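Only one structure is covered here, and it is reproduced in the block below.
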Amino acid sequence: MPSEGAVVVIEVNDERRQTLKLVLEFLEYTPVLVADCKRWWTEPFAAETVHAVLVGDCGSDKARAETLHYIREQVPQAPILLLVDKQRDAPVPAEIASAVLAQVEVPLRYAQISYVMQQAQIYRDSREPASSKRPLEVFRSMVGNSRAIAGVRKLIERVANSDANVLVLGESGTGKEVVARNLHYHSARRTQPFVPVNCGAIPSELLESELFGHEKGAFTGAVAARQGRFELAEGGTLFLDEIGDMSLAMQVKLLRVLQERTFERIGSNKSVTANVRIIAATHINLEQAIKSGRFREDLFYRLNVFPIDMPPLRERVEDIPLLINELVRRIEHEKRGSVRLTPVAVLALCQYSWPGNVRELANLIERLAILHPHGTVDIGDLPEKFHPPGATPSPQALLDAMSAPSLERELLTEPRLPRNGLDLKEHLQNLELSLIQQALTESGGVVAHAAERLRMRRTTLVEKLRKYGLQRLDQTS
């Protein structure tokens, strides 16, 4: 069975098979060489492990057409690349050309193979069913009980099943793509591709090709015809992230597609119908950009049919404990460790302004899981910028400012056993020590008050302080 990153090479020509093997191994793929097309049909085809299928000479055009038909029927999400020898082979019939992602000319060149392998990865990502995506990955930023996030969820519920264009607004890191994925997941298009494009990360001179595709030879470097993101998203959802960074020239071309629902690949005069749902997002104030001449007003109104504002994390402080738990569960689900935060540490994080929003919080939790694997993080373990000014934050003051029942419920989460097990006695001692230290911190070092918080006798707590070598701060208590 092919391993992850495998590339199946179906080719009867021994020399061409071996050449492909060397190139693919150099690119760190695992080539699976197949000399007999019909024999391959009898083997189980695990599409989820195959990066791409390269189909060359199958003995006859009929055999090649049958092979392509079988692959497309059994594993439609597997990208197919057709090997073509222009000097020897007859022109590729239209029905075969339409069944493949791209045509690769032989003799093979490293740059060409590297390029089409990248396109194959984009194709696979775009064809991944919405139902196969991990809920923790897709929906993590939508966690929360705050009024702001509840309002966002209500808007998503109302517009998800329509084809109306949606414009998601909000600061960087708030989870605008998460909103877009939720909209796609809850729509009638959920079984079709969700294709994201970061308009700000792609140079303006390449964005047109990225969106609309191009024909071979349309420009220097166009070594093979390729589909654009509009074609890859056919029947599904196209997410245009950072739309505010798109050049004015591209804005005109995008507006035309939104109006006419058709486009042409670069280098072609053939119109292609676009049946896609458009969701755009930006952290830029587009109305201000219109006034300064950086964004077209007509495009804005085309996109802004149904706006959704994603609130910054500082405006949904009560959601932070829930987000922390969800992010920890995600790390555990992906088997990348675990970590727990003390109530005082969580309360300190609730006082931080979070300029990077949920993305910054996710990065912090991942860092803490690396630094304190399966451990407990207290306020002193947090980076300096998360320490509140002055004394330790008052839990009561924060609990009064936030939803106390919700916060306390989320802090008391169910413990989880690490994959490799643990020393239960040592773990319980560490937990007891951590709780004693928290009680002493929150009671200002007064043993009697700490004992009261821990629901134990003062003399019992004094004995435990001696056991753990903790110094009493109240010499008169």
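Descriptive notes on the structure:
- Long-range HN-HN contacts of V84 with modeled amide H, under 5 Å: V104, E105, V106
- Amide proton proximity set for V32, modelled H, under 5 Å, gap of 5+: V7, V8, V9
- Peptides ranked, highest mean first, by Cβ atoms within 10 Å: ranges 233-239, 441-447: 233-239, 441-447
- For the range 259-265, the Karplus equation 6.51 cos²θ - 1.76 cosθ + 1.60, evaluated at θ = phi - 60°, returns couplings of 6, 9, 6, 9, 7, 10, 5 Hz by residue, with Gly and Pro reported as x.
- The 3J(HN,Hα) values that the Karplus relation (6.51, -1.76, 1.60; θ = phi - 60°) gives for the range 437-446 are, in residue order, 4, 5, 4, 5, 5, 6, 9, x, x, 7 Hz. Gly and Pro appear as x.
- Packing-based order for 268-276, 8-16, using average beta carbon neighbours within 10 Å, highest first: 8-16, 268-276
- Solvent-accessible area of D245 with every protein chain in place, 1.4 Å probe, in Å² to the nearest 10: 80 Å²
- Given K62/K216; K291/K385; K62/K86, the pairs whose alpha carbons are separated by over 29 Å: K291/K385
- Carbon/sulfur fraction of accessible area - the range 197-290, other protein chains in place, 1.4 Å, %: 48 percent
- Ordering of 329-341, 171-183 by burial proxy (mean other Cβ atoms within 10 Å per residue, highest first): 171-183, 329-341
- Here the range 241-333 is treated with +1 on each Lys and Arg Cβ and -1 on each Asp and Glu Cβ, and its dipole about the Cα centre works out to around 520 debye.
The values are calculated or read from the model by the stated rules, or taken from the named source; none is laboratory data. As the structure is a prediction and not an experimental result, all values here were calculated from the model. Cβ atoms come from the backbone with ideal geometry, glycine included; neighbour counts cover every protein chain shown. Note: accessible area is taken over every heavy atom of the protein model, side chains too, but ligands, DNA and RNA are not part of it. Shrake-Rupley method; radii C 1.70, N 1.55, O 1.52, S 1.80 Å.
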